[in-house]
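Presented below is the structure to which this report refers.
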Amino acid sequence: MSRVMIIGAGGVAGVVAAKCCRNPGTFSEMLVASRTKAKCDAIKANIESRRAQWGNGGRETAISTAALDAMDVPATVAMIRGFKPDLVMNIALPYQDLAIMDACLEAGVSYLDTANYEPPDEAHFEYSWQWAYREKFKKAGLTAILGCGFDPGVTQVFSAYAQKHYFDTVETLDILDCNGGDHGYPFATNFNPEINIREVAAKGSYWVSEMEEGTGKREEAVDAHGVPVEYKKAFDKGYWVETAPMAVKREYDFDQVGKKDMYLLHHEELESLGCNLKGIKRIRFFMTFGQSYLTHLKCLENVGMTRIDPVDFKGMKIVPIEFLKALLPDPASLGPRTKGKTNIGCIFHGMKDGKPVDYYVYNVCDHQECYAEVGSQAISYTTGVPAMIGAKMFLEGKWTEKGVHTCEEFDPDPFMEELNRQGLPWKENFNPVKVP
Ligand code: NDP
């Protein structure tokens, strides 16, 4: 019986809170605290309206709500001390990661998040800022679980599972994130627009262990924009091979979704997996995008609407991408409109007992089924369910190693079992079509 404090009240936090309440044996009390208290109250009301539908055998998670600006460390510390949670779940935005980690250290409580730190004024994310907290968390006897959504998150659990059960060495990994859902709007993002657009507008990149060797060859990245491919030293180990944004495109036929175009993107879990997968030489991440989404994005970019630096407007400073966010549909409102499925998974190639092995593990998730269960679309669902499972792993004593850790550093087996039980079942294929 444990208490959790959830910070944030957006699309993902709504799913986390709902799924915690579907597991009242683990989560007995919950505080949802965010900048806008009305959004916390809406999450609570949604859960109350579904309790009968879920039928939790008479056990219920008690929910309270509060207003909190998580950038205010003393206020966060005071709230943690007042509520005394066993775990703080940061489901706000990546900009809050370090402030909430500082508050957890001061108040002496463990931490979990779903996305790695990103400074607000720099469209760039990497683990270095949070890895710098490793010793502090270890010394304090606390655990920080980083990036426990689907990607990052489940993709790393899949990697640990593949390494544990099927491979001696994993040589290549391709992470494929496909959203076959349609919300009917000409342009909307499925999660926080600012974070989403910054991710997509950034240069593409993939990780290689060695420069110029094996599968990490220069000609791999066909640069459509005249920007040469560049090698950059990764923080801990290996190299990033950078391409122009959206320069590498592949088509893939996804189970239960069909053929989609996907594009190579930079993604945070590549860096930690490069350090933790034995024998790994190359890791790539691909995400599907429709032509309409890309055309709109290009146009917004061309007119300067995706800029993250402040501009003068009628005597005020405004950040164009923040203004754009205010105009776009709230991702949390896409639930009832979105139809179709997501398919996210990992394709591994490596060796076992001297023989080559291919292995594809993936989840297919239906937008409308998620909506019927918790009132959200599948993007928030596939992020929120793993965050709840990560918390469950910690609270049940299965993922408790002290220090700051990414998801592949823990035992994947109990997490994989929970994925099947909690609404994100996975499938395996030992003869997958590989990505060229
Ligand atoms: P939303 O924008 O819908 O929600 C963010 C919430 O955080 C809002 O309720 C917002 O408050 C709150 N918030 C922002 N700043 C503060 C602050 N200073 N103090 C307290 N609360 C604050 O985002 P999502 O729910 O879509 O995403 C949540 C997180 O999940 C993000 O970090 C995102 O990057 C991550 N994510 C991870 C994925 C994965 O697979 N690992 C996939 C998708 C998302 P307000 O309502 O007042 O604005």
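Derivation of every value follows stated rules applied to the coordinates shown; laboratory data play no part. Quantities reported herein were computed from a predicted structural model and do not represent experimental measurements. In this analysis, Cβ positions are derived from the backbone assuming ideal geometry, glycine residues included, and neighbour counts consider all displayed protein chains.
So the values come out like this:
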{"item": "Amide H contacts of Thr65 (H built 1.01 Å from N, under 5 Å, at least 5 apart or other chain)", "result": "Val32"}
{"item": "Derived scalar couplings ³J(HN,Hα) [region 323-328; Karplus, 6.51 cos²θ - 1.76 cosθ + 1.60; whole Hz; x for Gly, Pro]", "result": "5, 4, 4, 5, 8, 7"}
{"item": "Amide hydrogen neighbours beyond the local backbone of Phe285, cut-off 5 Å, H modeled", "result": "Ile175, Leu265"}
{"item": "Radius of gyration and Dmax over the Cα atoms of region 225-293, both given in Å", "result": "14.0, 40"}
{"item": "Projected area averaged over orientations for region 233-370, convex hull of C-alpha atoms, nm²", "result": "12.2"}
{"item": "Cα-based convex hull volume of region 111-204 per residue, rounded to whole Å³", "result": "160"}
{"item": "Residue-by-residue Karplus 3J(HN,Hα) for region 298-309, coefficients 6.51, -1.76, 1.60, Hz, glycine and proline x", "result": "4, 5, 4, 5, 4, 8, x, 6, 9, 5, 10, 9"}
{"item": "Most to least packed among 201-207, 88-94, 245-251, 313-319 [average Cβ atoms within 10 Å]", "result": "88-94, 201-207, 245-251, 313-319"}
{"item": "Among the listed pairs Lys259/Lys427; Lys164/Lys355; Lys39/Lys84; Lys37/Lys402; Lys355/Lys434, those beyond 28 Å (Cα-Cα)", "result": "Lys37/Lys402"}
{"item": "Relative contact order of region 1-69, defined on C-alpha pairs under 8 angstrom at six or more residues apart (%)", "result": "40"}
{"item": "Globularity ratio of region 347-408, using Cα Rg and 2.2 N^0.38 Å", "result": "1.57"}
{"item": "Of all DSSP beta bridges in the chain, antiparallel share, percent nearest 5", "result": "60"}
{"item": "The chain: calculated mean residue ellipticity at 222 nm from DSSP helix runs of at least 4, using -39500 (n - 2.57)", "result": "-10000 deg cm²/dmol"}
{"item": "Globularity index of region 32-144, i.e. its alpha-carbon radius of gyration over 2.2 N^0.38 Å", "result": "1.19"}
{"item": "Quarter of the Cα convex hull surface for the chain, i.e. its orientation-mean projected area (nm²)", "result": "20.6"}
{"item": "Under 5 Å, built H, 5+ apart or other chain: amide partners of Ser376", "result": "Tyr371"}
{"item": "Order by protection proxy (mean Cβ within 10 Å, highest first), peptides 110-119, 278-287", "result": "110-119, 278-287"}
{"item": "Karplus (6.51, -1.76, 1.60) ³J(HN,Hα), θ = phi - 60°, over region 79-93, in Hz, Gly and Pro reported as x", "result": "5, 4, 5, x, 8, 6, x, 7, 8, 9, 9, 8, 10, 7, 10"}
{"item": "Value in Å of the Kirkwood radius, where region 314-436 supplies the Cα pairs that are averaged", "result": "17.7"}
